[in-house]
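All of the numbers you see were taken from the coordinates with simple rules; none came from a lab. Since the model is a prediction, treat every value here as computed from it, not as a measurement. Backbone-built Cβ (ideal geometry, glycine too); neighbour counts: all protein chains shown.
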Amino acid sequence: MILHLYFARRFTVAFVFLSTVFYALVVLVDLIEQTRKFSSLNVSLKDRLGLTFLNAPETINQILPLIMILATVVLFIGLARTSELVVTRAAGRSALRSLIAPVIVALIIGSLAVAVLNPLVAATSKRYAVLSENYRSGGVSALSISGEGLWLRQGDENGQTVIRAARSNADASVLFDVTFVAYEPNGGPSQRIEAGSAALSDGQWSLRKAKVWPLKSGVNPEANSQIHEILRISSTLSLDSIRESLGKPSSVSIWELRNYIRQLEQAGFSSRRHKVWFQAEIARPFFLMAMVLVAAAFTMRHTRFGGTGTAVLTAVLLGFALYFIRSFAQILGENGQIPILLAAWAPPTAAIFLALGMLLHAEDG
């Protein structure tokens, strides 16, 4: 038990140290990127730093498998150089028993990443999108799904418009039972429009069977209402921006994702991408565990045998390959070419068995 705790502590220290180093590098690189992106706009250094700190958690979340591999490499290379690994093996402990503590720590870190880091990334990425759009155009275009239907917001220097629709078609190009409420720049409502459908194309909404009520003070809305068979309204939204907002599951907390999937389906959208993401997040602790096993398979040996640099490079490259396969499987799952559970769970399962096979082969000599 004492040896397991010792290995767990060494692995945790290596992981925390590498996470801190990578976070500092990510902040530095992202600050340069934010400066380049907003160099032509009047955005202060304080605001650019704020954007950087909002964007950094998402990057750290993405490179977590790499940090896990490197932490494992640091652990076992350090143990090999001090001959602690040799002493452990001489005491009768197998390689698999020595891996129990790092694997358990990896599962705990993976579980915390899903339960804590995932909601944090969802919140910070949403805030980053709102602020960056506000700095670029002075207005905010946003989309949300609720039990009442689909909500959109578009805006420019002339004011904001809130759009609510009961449902839409699968690609979000047509909204049904739609309501537009336009607001003046000072915040007061200017008009309300209800229509049977609204189609977005070429920077404008085409509304069919629309009724318009003016909402300015001193005007009777119903007496001055107008009915249009077809009404066109300019828009700052695009189909790509709407699909991008819908198609980024990482912007939804894992704790809210199942309810969000249900609301997507009620609104008429495809929720397959979000279902794949949900299953992939549940499988993430096991994928991180696989990264530990893969790195250990190449580094659990004495340094006097040589080839340490090659072994480390091979472990990192194999980790990248497994990460690519996992991402590729998710894409196939999102496109409906393979089942959702297969897309999410096959890569970590295959990686675990691959690493175990390599460890058992090395154990047998």
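What stretch of the chain, leaving out the sites themselves, is the longest with no GluC sites (Glu not before Pro) in a DSSP loop having at most 10 other Cβ atoms within 10 Å?
The segment 1-156 is the longest one with no such site.
From Cα pairs below 8 angstrom and at least 6 apart in sequence, can you work out the relative contact order of the chain, rounded to a whole percent?
Numbers: 573 pairs, mean separation 63.3, N = 365.
Once divided by the residue count of the chain, the mean separation gives 17 percent.
Students often check this: by mean Cβ neighbours within 10 Å, which of 15-22, 212-219 ranks highest, and how do the rest follow?
15-22, 212-219
Taking all pairs of distinct Cα atoms, average 1/r, flip it, and tell me the Kirkwood hydrodynamic radius of the chain in Å to one decimal place.
When all Cα pairs of the chain are included, the Kirkwood radius is 23.8 Å.
Nearest 500 deg cm²/dmol is fine: what mean residue ellipticity at 222 nm does the chain get from its DSSP H runs of n ≥ 4 alone, each adding -39,500 (n - 2.57), divided by its residue count?
The helix-only estimate for the chain comes to -20000 deg cm²/dmol at 222 nm.
Quick check for me: using +1 on Lys/Arg Cβ and -1 on Asp/Glu Cβ, what's the dipole size of region 1-93 about its Cα centre, in debye to the nearest 20? List each step's numbers first, then the result.
On the way: 9 positive and 5 negative charges, 58 e Å.
Taking the Cα centre of region 1-93 as origin, the dipole is about 280 debye.
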